[in-house]
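The values are calculated or read from the model by the stated rules, or taken from the named source; none is laboratory data. Bear in mind the structure is a predicted one, so any value in this text is a computation, not a measurement. Glycine also receives a Cβ, built like all others from the backbone with ideal geometry; neighbour counts cover every protein chain displayed. Surface areas here come from the heavy atoms of the whole protein model, side chains and all, with no ligands, DNA or RNA. Shrake-Rupley method; radii C 1.70, N 1.55, O 1.52, S 1.80 Å.
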Amino acid sequence: MRRIGMGLVGAGFVGPHHIDAVRRLGFVDVVAVAGSNDESGRQKAQTLGVPKGYGSYQALIDDPNVQVVHNATPNYLHYEVTSAALAKGKHVVSDKPLAMTAAQSKRLVDEARRAGVVTAVTFNYRGNPLVQHARQTIARGDIGTPRFLHGYYIQDWLLNETDYSWRLDPDKGGASSALGDIGSHWCDLAQHMSGLTITHVLGDITTTLPKRKKPRGSREAFAAAGSGDTETVDITVEDLASVLVRFDNGAKGTFSVGQVCPGHKNDLVLEICGSASSVKWRQEQQNELWFGHRDRANEILQKDPSLIVDGARQYAHLPGGHQEAWADAFCNLMRDIYGFIAAGKKPPDAHPPAFATFEDGYRANVLIETMLESAKKGSVWTKVSY
Ligand SMILES: NC(=O)c1ccc[n+]([C@@H]2O[C@H](COP(=O)([O-])OP(=O)(O)OC[C@H]3O[C@@H](n4cnc5c(N)ncnc54)[C@H](O)[C@@H]3O)[C@@H](O)[C@H]2O)c1
């Protein structure tokens, strides 16, 4: 198989997982990493065992051996890094959100189409084998017609006023914090698993901590608050939200997000109640899928390739009882994206399901903006105009 060169821009929390995932594919060379300056580029390359460390994203994009650029920078840099990579004719894997606003994302969709390259966004929960199993069994009618989709995505890493992230600064993270950061994952998963589209939303958003202590130096995501020097800053974005949603088949739904919920680390739950049965997946116990019935006993499917339907089985790589997790699902995503590139395919060729496109990224931006608009109008039903 032809080898493919990859370069990563932004090696903080999630960036190194992009590198781990592509290394596992066996036909991808991690060529370079770019940091925000020469020293950080060099240091990140050394830590991650990558041959070249650049001090600017443009230098990485200009490297002829980099064919696929991964963008794992803070949100405010997504548009400029991705746009520069597309201008150079590189394939792009962007971490979510695709950009800070729907308008920016729309521009990237258009730029990608003109560039004729492969582009993808990391809605990585799609890569879990039981998510794909649920999706396929819903599509063939096992739970009947989906009527009610509900759940939450809650975490506790921003619980205290000493917890701070660039995600809380609208200039760096965007107009939304919790909804954009993790609500976007829940909405993508709900729509992907059910095959439905969210058409209307009613959002209720809260800023639990209107003041926080921001470190004067930089701090990467999920890093514990240190004892360093801080300044008190006003917080205007939401750290907690609840949203009612309506889907295109008439189904209703509700979900909550929050990063101030003690004890919940990365707790994403999605349950879809259909006219015949229900199905529930929980990220923190991702090797189990619950099916609920009225007239017979409920069931729990434990992940086991021999029990997973065709079309989802390829996302499981270990036998039953051998737990697969977040990083494995992330790797599945990369397998779908790089398999598509290696096969010489390009949009609009049909792509595998775990692979979310720039169009999906744009739609996620539109959804979040509509939730904010709904909340601003006093929490009223608002139509989503994609
Ligand atoms: N898919 C997922 O599940 C998932 C999980 C976490 C984060 N993310 C997304 O990934 C992105 C990064 O999040 P994170 O949590 O890793 O943040 P982070 O703050 O931990 O890391 C960002 C990194 O980018 C670097 N950086 C800043 N400016 C740069 C520049 N000009 N050039 C190169 N590097 C630069 C920073 O030094 C830092 O190392 C965000 O958009 C976030 O939404 C996605």
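Worth a mention:
- When the stretch 189-198 is filtered for residues that are open to solvent by 20 Å² or more (accessible area, probe 1.4 Å) and in a helix (DSSP H, G or I), the ones remaining, listed by number, are Gln191, His192.
- Some residue of the stretch 268-281 being within 23 Å of Leu158 (Cα to Cα), open to solvent by 20 Å² or more (accessible area, probe 1.4 Å) and not hydroxyl-bearing (Ser, Thr, Tyr): no
- When Ser165 is tested against (1) open to solvent by less than 20 Å² (accessible area, probe 1.4 Å); (2) under 30 Å from Ser379 (Cα atoms); (3) within 17 Å of the chain's Cα centre (by Cα); (4) within 14 Å of the ligand (Cβ to nearest atom), just one condition goes unmet, and that condition is (3).
- If the condition is being aliphatic (A, V, I, L, M) and under 17 Å from the mean Cα position of the chain (by Cα), then the stretch 110-129 contributes Ala120, Val121.
- Number of positions in the stretch 19-35 that are closer than 27 Å to Phe340 by Cβ and near the ligand (Cβ under 9 Å from one of its atoms): 2
- Contact map, the stretch 147-169: residues that are on the phi > 0 side of the Ramachandran plot paired with residues that are assigned to a helix (DSSP H, G or I), Cβ distance under 9 Å, separation 6+ or inter-chain. Pairs shown: Gly151/Trp186; Gly151/Leu189; Gly151/Ala190.
- Checking Trp157 against (1) aromatic (Phe, Trp, Tyr); (2) surrounded by 19 or more Cβ atoms within 10 Å (Cβ to Cβ); (3) under 20 Å from Phe255 (Cα atoms); (4) within 12 Å of the ligand (Cβ to nearest atom), the condition it does not meet: (2)
- Enumeration of residues in the stretch 62-77 that are hydrophobic (A, V, I, L, M, F, W, C) and either open to solvent by 70 Å² or more (accessible area, probe 1.4 Å) or within 11 Å of the ligand (Cβ to nearest atom) (or both): Ala72, Leu77
- Pairs, first closer than 14 Å to Lys303 by Cα in the stretch 117-139, second β-branched (Val, Ile, Thr) and within 16 Å of the ligand (Cβ to nearest atom), C-beta under 6 Å, six or more apart: none
- Qualifying positions in the stretch 149-171 - among the β-branched types (Val, Ile, Thr) and within 27 Å of Val279 (Cβ to Cβ): Ile154
- Residue list for the stretch 292-316, filter: under 17 Å from Gly144 (Cα atoms) and in a strand (DSSP E or B): Gly292, Glu299
Residue by residue, here is whether (1) away from the ligand (no atom under 16 Å from the Cβ); (2) buried (at least 22 other Cβ atoms within 10 Å of the Cβ); (3) over 16 Å from the mean Cα position of the chain (by Cα) holds:
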{"position": "Asn332", "(1), (2), (3)": "no, yes, no"}
{"position": "Asp336", "(1), (2), (3)": "no, no, no"}
{"position": "Gly339", "(1), (2), (3)": "yes, no, yes"}
{"position": "Ala342", "(1), (2), (3)": "yes, no, yes"}
{"position": "Lys346", "(1), (2), (3)": "yes, no, yes"}
{"position": "Pro352", "(1), (2), (3)": "yes, no, yes"}
{"position": "Ala356", "(1), (2), (3)": "no, yes, no"}
{"position": "Glu373", "(1), (2), (3)": "yes, no, yes"}
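- In the stretch 245-267, residue surrounded by the fewest Cβ atoms within 10 Å (Cβ to Cβ) [restricted to those that are over 23 Å from Trp157 (Cα atoms) and either of a type in the set (Gly, Ala, Ser) or without any contact (Cβ under 8 Å) to a residue 12 or more places away in the chain (or both)]: Gly250
- Out of Ser105, Ser94, Ser83, one residue alone is within 16 Å of the ligand (Cβ to nearest atom) and open to solvent by 10 Å² or more (accessible area, probe 1.4 Å). It is Ser83.
- Yes/no for Gly311 being out of contact with any helix residue (DSSP H, G or I) (no Cβ under 9 Å at 6 or more places or on another chain), away from the ligand (no atom under 16 Å from the Cβ), open to solvent by 10 Å² or more (accessible area, probe 1.4 Å) and on the phi > 0 side of the Ramachandran plot: no
- For Val31, the conditions (1) in a strand (DSSP E or B); (2) surrounded by 22 or more Cβ atoms within 10 Å (Cβ to Cβ) all hold with the exception of (2).
- Number of positions in the stretch 36-55 that are in a loop (DSSP other than H, G, I, E, B) and either open to solvent by less than 70 Å² (accessible area, probe 1.4 Å) or within 10 Å of the ligand (Cβ to nearest atom) (or both): 5
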